[in-house]
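The values are calculated or read from the model by the stated rules, or taken from the named source; none is laboratory data. Quantities reported herein were computed from a predicted structural model and do not represent experimental measurements. Here Cβ is always computed from backbone atoms with ideal geometry, including for glycine, and neighbour counts include all displayed protein chains. Quick note on the areas: whole protein, heavy atoms, side chains included, nothing else; ligands and nucleic acids left out. Shrake-Rupley method; radii C 1.70, N 1.55, O 1.52, S 1.80 Å.
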Amino acid sequence: MPAKTEIESGHMSHATTPGPPRKVLFGYIGIGMLQLLVLFWFVTSFMLGKMFQQSDYTHRLHVVAVDLDGGQIGESLLQTVEGLNGQYGQPTWKPIRYGSDETYDSIYNTVRKGDDIWGAIIANPGASSRLTSAITTESNDTYNANDALKIIFNESRYRTVGLSVIESNLIAAVSRTAITYQMVFGLENISLLPNNATTHNKAALLEPIGYTSSNMQPFGFSATPLINTVMFVFPVLAQFFMVLVLNVILGGAGAYAKWSLRANLATRFFFATVWSCVMGLSWASWIYIWKNGVSMGSGYFFMVWLTMWLYSELNFWVIDGVCSLVKMQWMPFFILSWIICQVAGVISPPDLASRFYRVDYILPSHHTWGVLMTIFGHGANNHLGTNLTVCFVWIVVAVAWGVFGNWTRWNRLQKLAVGKA
C-alpha cells in the first residue's frame with residue numbers, strides 16, 4: 001500500500017526556502033523609524049524655532065515718533081517713547097523733535113518704503129494750540145481729541161506683525177502719551193479753565209489726546225492666515241507630484257534610455273512650463289476668488305500669476321534635479337524638509353528670529369513673498385530690485401541643476417543599455 005501524501009495525511013507542505021530573519025527585518029524597520037524621527041524633529045524644530053520667543057527680537061523693528069506740534073502734546077509724545085525704548089517687547093523708537101525737516105508726507109513715504117521703519121506716530125501740527133484753545137475759550141465747539149496724534153503702519157507687510165506688534169504698540173504709546181501729558185501738564189492746565197467753564201472745556205481737559213489711524217493697505221483676505229503658510233505648500237507639492245507622473249510614465253516606457261537627451265529635455269521643459277503656468281494661474285485664482293472684497297484688479301491678478309508661475313517653475317527644476325540623482329526612498333526626506341524651509345521663509349520676518357534664520361534671505365519663498373507683499377500693498381514695501389533678482393538667480397540655478405540631473409540619469413541609463421546589449 002503506497003504511503004500517504006502530506007495532503008492526504010492532513011498536513012500542508014511548507015516552503016523549504018527560509019524567509020528573512022525577523023531580527024534583521026525589525027532592525028531595518030527600527031533604522032527607518034529612527035530616520036523618520038530625526039526628520040520630523042528637524043523640520044519641527046526649524047519651524048517652531050522661527051517663531052520662538054519673538055518678543056526677544058522686537059527691538060529690531062524700528063518706529064518713528066515725530067513731533068510736528070512743537071507744544072505740550074509733542075513734548076509728551078517724545079518723553080513717552082524715550083521711556084519706552086529698551087523695554088521688553090517694544091520696538092525701537094526713533095524720536096524726531098520739532099523743527100526737523102520731516103513732514104507728514106515724508107514720514108508716510110518712509111513707512112511705505114518698508115526698509116527698517118515699520119510704523120510712525122505723529123503729534124499733528126497745531127495739536128497743543130487746539131487743545132489750549134479748547135480748554136481756555138468759552139465756546140460750545142466740541143474738541144476732537146483724535147486730532148492730536150496720528151499713527152501710520154502697513155498691514156500688508158507681514159500682517160500678523162503689522163497688527164500684533166506695530167499697531168498694538170502704537171496704540172499703547174497713544175495711551176501712555178495721554179498719561180504723560182496729564183502727569184506733566186495736567187495740573188498746570190487746570191488753572192487755565194475759565195471761571196464759567198463749559199462741559200466742552202472740561203471734556204478737553206480730561207480727555208486731551210486721542211488718535212486717528214492710517215493703515216496704508218488693509219490685508220483683508222478671507223484666508224489671510226493661510227496665504228503665507230499653507231498656500232506656499234501647494235506649489236511645491238504640485239511640482240513634486242508632476243515630477244512623479246513624468247518619471248512613472250516616461251521611465252516606465254523606457255524614454256529615458258531610448259530617447260535622445262535633447263528629446264528628454266525638450267519634453268521636460270514643455271511640461272514644466274505648462275504645469276507651472278497652470279499652477280501659477282490656479283494660485284492667483286484661489287486668492288482672487290476668496291479675496292473678500294480686497295481691491296485686486298486684473299493687473300494685480302496678472303502680477304500674482306506671473307510671480308507664482310516663476311516660483312512654481314523653479315521648484316519644478318529643483319525637485320526634478322534631486323529626483324534624478326537621489327533614490328526615491330529618500331525623496332520624502334527632501335520634500336518635507338524643502339517645504340518646511342519654504343514656509344518658514346514666509347511666515348514671519350527674519351528680524352523677529354534668531355540670527356540663524358537669516359538663511360531666509362537665500363530662500364526663494366522669502367523673496368517670492370516679498371514680491372507678493374509689494375503687489376498686495378499696491379507698491380508699498382517695494383524691494384523688487386532685490387526680490388526679483390534673487391528669484392531670477394534661483395530660476396537659472398534651478399534649471400541648470402535640473403538639466404544636470406537629467407543628463408546624469410540619461411547618461412547612466414545609456415551605459416546600462418549598452419552593457420545589456
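Would you check the accessible area of M51, probe 1.4 Å, heavy atoms only, in square angstrom rounded to 10?
80
Would you mind getting the Kirkwood hydrodynamic radius of the stretch 10-167 from its Cα pairs, rounded to one decimal in Å?
This gives a value of 20.6 Å.
Residue-wise, which Karplus ³J(HN,Hα) couplings in Hz belong to the stretch 190-196, taking 6.51 cos²θ - 1.76 cosθ + 1.60, θ = phi - 60°, and x for glycine or proline?
Each residue's phi maps through the Karplus curve to give 4, 5, 7, 5, x, 4, 9 Hz.
Please list the non-local residues whose amide H lies under 5 Å from the amide H of A148, H modeled 1.01 Å from N, same-chain partners needing a gap of 5 or more.
G210
Would you kindly calculate the translational diffusion coefficient of the stretch 95-176, applying Stokes-Einstein with the Kirkwood radius from alpha carbon pairs, for 4 °C and a viscosity of 1.567 mPa s, and quote it in µm² s⁻¹ without decimals?
Values: Rh = 14.4 Å.
It comes out at roughly 90 µm²/s.
Please determine, in degrees from 0 to 90 and to the nearest 10, the orientation of helix 22-51 with respect to the longest principal axis defined by the Cα atoms of the chain, where the helix direction is its Cα long axis.
It is inclined by approximately 20 degrees.
Leaving ligands, DNA and RNA out of it, rank E167, E138 by accessible area with a 1.4 Å probe, largest first.
Per-residue accessible area, sorted high to low, gives E138, E167.
Sorted by accessible area (1.4 Å probe), largest first, how do F333, F26 line up?
From most exposed to least exposed: F26, F333.
Working only with C-alpha atoms, what are the Rg and Dmax values of the chain, expressed in angstrom?
Reported Rg and Dmax, both Å: 31.9, 136.
Per the helix-only calculation at 222 nm, which mean residue ellipticity applies to the chain, given -39500 (n - 2.57) for every DSSP H run of n ≥ 4 and division by its residues, nearest 500 deg cm²/dmol?
Details: 15 runs with 234 residues, N = 421.
Taking each H run of at least 4 residues, the total per residue is -18500 deg cm²/dmol.
Which Cα, out of L36, F234, C391, lies furthest along the positive dipole direction of the chain (beta carbon charges, K/R +1, D/E -1)?
L36
Once you've got the GNM for the chain with C-alpha springs shorter than 10 Å, pick whichever of V403, V38, V66 has the biggest mean-square fluctuation.
V38
For the Cα atoms of the chain, what angle does the longest principal axis make with the long axis of helix 298-325, in degrees from 0 to 90, nearest 10?
The helix 298-325 is inclined about 40 degrees to the chain.
For I96, which sequence-distant residues (separation of 5 or more, or a different chain) have an amide H within less than 5 Å of its own amide H, given hydrogens modelled in the peptide plane?
Residues meeting the amide H criterion: A65, V66, D67.
Evaluate the relative contact order of the chain (contact order divided by residue number), counting alpha-carbon pairs under 8 angstrom at least 6 apart; express in whole percent. Mind showing how you got there, number by number?
Working: 585 pairs, mean separation 73.4, N = 421.
Once divided by the residue count of the chain, the mean separation gives 17 percent.
Expressed as cubic angstrom per residue, what is the convex hull volume of the alpha carbon set of the stretch 13-99? Please list the in-between numbers first.
Numbers: hull volume 10.8 nm³, N = 87.
Considering the Cα atoms of the stretch 13-99, their hull volume per residue is 125 Å³.
For the chain, find the longest principal axis of its Cα atoms and tell me its angle to the long axis of helix 384-420, 0 to 90°, nearest 10.
The angle comes out near 0 degrees.
Starting from the residue with the highest accessible area, list D351, D141 in decreasing order, probe 1.4 Å.
Details: D351 40, D141 120 Å².
Descending accessible area places them as D141, D351.
For the chain, set up a Gaussian network in which alpha carbons nearer than 10 Å are linked by springs, and say which option among G89, G293, G162 fluctuates the most.
Maximum fluctuation in the GNM of the chain, among the listed residues, is at G293.
With both bridge residues required to lie in the chain, what share of the DSSP beta bridges run antiparallel, to the nearest 5%?
Working: 5 of 21 bridges.
For the chain, the DSSP antiparallel bridge percentage is about 25.
In whole angstrom, and with the biggest value first, how far do the Cα coordinates of the stretch 130-223 range along each principal axis?
Largest to smallest, the principal-axis extents are 57, 26, 16 Å.
Packing-wise, with mean Cβ within 10 Å as the measure, how do 90-103, 357-370 rank, highest first?
357-370, 90-103
If you build the convex hull over the alpha carbons only and average its shadow over all orientations, what do you get for the stretch 288-401? Give it in nm² to one decimal.
If I average the Cα hull's projected area over directions, I get 8.4 nm².
Give me a comma-separated list of calculated 3J(HN,Hα) values for the stretch 120-136, in order, Karplus coefficients 6.51, -1.76, 1.60 applied at θ = phi - 60°, integers in Hz, x for any Gly or Pro.
Result, ordered by residue: 8, 10, 10, 7, 5, x, x, 4, 5, 4, 5, 5, 4, 5, 5, 7, 9 Hz.
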